[in-house]
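> Got a structure for you, questions after.
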């Protein structure tokens, strides 16, 4: 699994011109699921994202997690994180998990994140989504297992 975290001051996701998820300060997480990932992978990655210290403390150092700052999460599935662009001009998606497996692990990731008491908003799995964000920093991390 891969999670692309962007620290945001606000973010939202729309489907068919309707806002389906919106947050204030926190992480926008674009989540990709790979063939062979499992529930343990989803739980490990969610834990890692929740406890990642990407928010500033009183001295301006990145020493606080999303829990510490009482931030929010917007989690959006994105199979293109497993797009292979090494050959040719068209990405290949052989490494991306099939939709049924990816959806199960995406939902598991979201539920595990919620178990920490963090407000979690989601996109709509397999929908054509429009994601808007105000990147804070900018601060972006790629976390994978």
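The values are calculated or read from the model by the stated rules, or taken from the named source; none is laboratory data. Given the structure is predicted, the values throughout are model-derived calculations rather than measurements. So basically every Cβ, Gly included, is an ideal-geometry build from the backbone, and we count neighbours across all protein chains shown.
> Have a look at 37, 136 and point out the one that is assigned to a strand (DSSP E or B) and within 16 Å of the chain's Cα centre (by Cα).
When all the criteria are applied, what remains is 136.
> Here's another thing I want to ask about it. Looking at 145, 114, which is the one that is within 14 Å of the chain's Cα centre (by Cα), under 21 Å from residue 32 (Cβ atoms) and at pLDDT below 95?
After ruling out the rest, the residue left standing is 145.
> Name every residue in region 64-106 that is part of a loop (DSSP other than H, G, I, E, B), touching a residue at least 60 places away in the same chain (Cβ under 8 Å) and touching a strand residue (DSSP E or B) at 6+ places or on another chain (Cβ under 7 Å), in order of residue number.
Across region 64-106, the qualifying residues are 78, 95, 97.
> Which residue out of 132, 77, 65 is over 22 Å from residue 39 (Cβ atoms) and touching a helix residue (DSSP H, G or I) at 6+ places or on another chain (Cβ under 6 Å)?
65 is the lone residue from the list that is over 22 Å from residue 39 (Cβ atoms) and touching a helix residue (DSSP H, G or I) at 6+ places or on another chain (Cβ under 6 Å).
> Then there is this: Working only within region 119-136, note down all residues that are within 16 Å of residue 55 (Cβ to Cβ) and either surrounded by fewer than 16 Cβ atoms within 10 Å (Cβ to Cβ) or modelled with pLDDT under 95 (or both).
Across region 119-136, the qualifying residues are 119, 134, 135.
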